[in-house]
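Trainee: Quick one: the structure is below, questions incoming.
Throughout, read-outs are computed from the coordinates displayed, never taken from laboratory work. The structure presented is a predicted model; accordingly, all values stated were derived computationally and were not measured. Ideal geometry is used to build each Cβ from the backbone, glycine not excepted, and the neighbour counts take in all protein chains shown.
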Amino acid sequence: ENPAQITFESFGLKKEILEGIREAGFKVPSPIQEQVIPLILKGKDVIAQSHTGTGKTAAFGLPVMNNMKKDAGIELLVVTPTRELAAQISDEIYRLGKFAGIRTGTILGGHSYSRQLQILKTGVQVLAATPGRLLDMLKSGKIQIHEPFTVVLDEADEMLDMGFLDDIMEIFTFLPDNRQTMLFSR
């Protein structure tokens, strides 16, 4: 074995986060994780491109969860073009962060508004959302976002291709200026 091999432990992640990684069966970081986790841990903004299935969700989720205060409501907002992807991201982050007590929720069009609001009221640190429903809830004041705060646009290229630029720009007007911003595409 190569002694210079980068491991999840070598990033200095908290033991609760490492426990989630172990249970998920991850052995060594993928190239995208190796490149972006150290930057995200330092609070840097990131633009990254990586194919589907390379571990992008863990690449941004692990370091953000590691840095969470867990006392200020939503600390990570992931905006994504499709309901399926939002649900996948929420599930993956829940799975990786469950030993750290990370709670996740989703805000999606085509699903019960009241049920989504109920989930928000129980308190979540991570929210995965599609642009339209998220914007509705931000405009109506049903979602409050505090600092410290991280926003990820996942499949940012696809959201732009699908015509979500205006919604994304408006969503940013509701977000704290003091934030970490990441764009991921494939």
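Trainee: What nm distance separates the two modelled labels at Glu19 and Gln49, each placed 7 Å from Cα along Cα→Cβ?
Mentor: 4.0 nm
Trainee: Please report, largest first and rounded to whole Å, the three semi-axes of the ellipsoid equivalent to the stretch 85-146, where each semi-axis is the square root of five times an eigenvalue of the C-alpha gyration tensor.
Mentor: 20, 13, 10
Trainee: For the chain, with the dipole built from +1 on Lys and Arg beta-carbon atoms and -1 on Asp and Glu ones, taken about the Cα centre, which of Phe99, Met159, Gly132 lies farthest toward the positive end?
Mentor: Phe99
Trainee: Taking the chain as a Gaussian network, where each spring joins two C-alpha atoms under 10 Å apart, which residue of Ile47, Ile17, Ile102 fluctuates the most?
Mentor: In the Gaussian network model the winner is Ile47.
Trainee: Using the Cα centre of the chain as the reference point, and only Cβ charges (+1 on K/R, -1 on D/E), how large is the resulting charge dipole? Debye, rounded to the nearest 20.
Mentor: 640 debye
Trainee: So for the stretch 83-186, considering every pair of alpha-carbon atoms, how many percent are separated by more than 17 Å?
Mentor: Across the stretch 83-186, Cα pairs with separations above 17 Å total 54 percent.
Trainee: Something else: Once each part is reduced to its C-alpha centroid, what is the distance from the stretch 41-73 to the stretch 84-100 in angstrom?
Mentor: 12 Å
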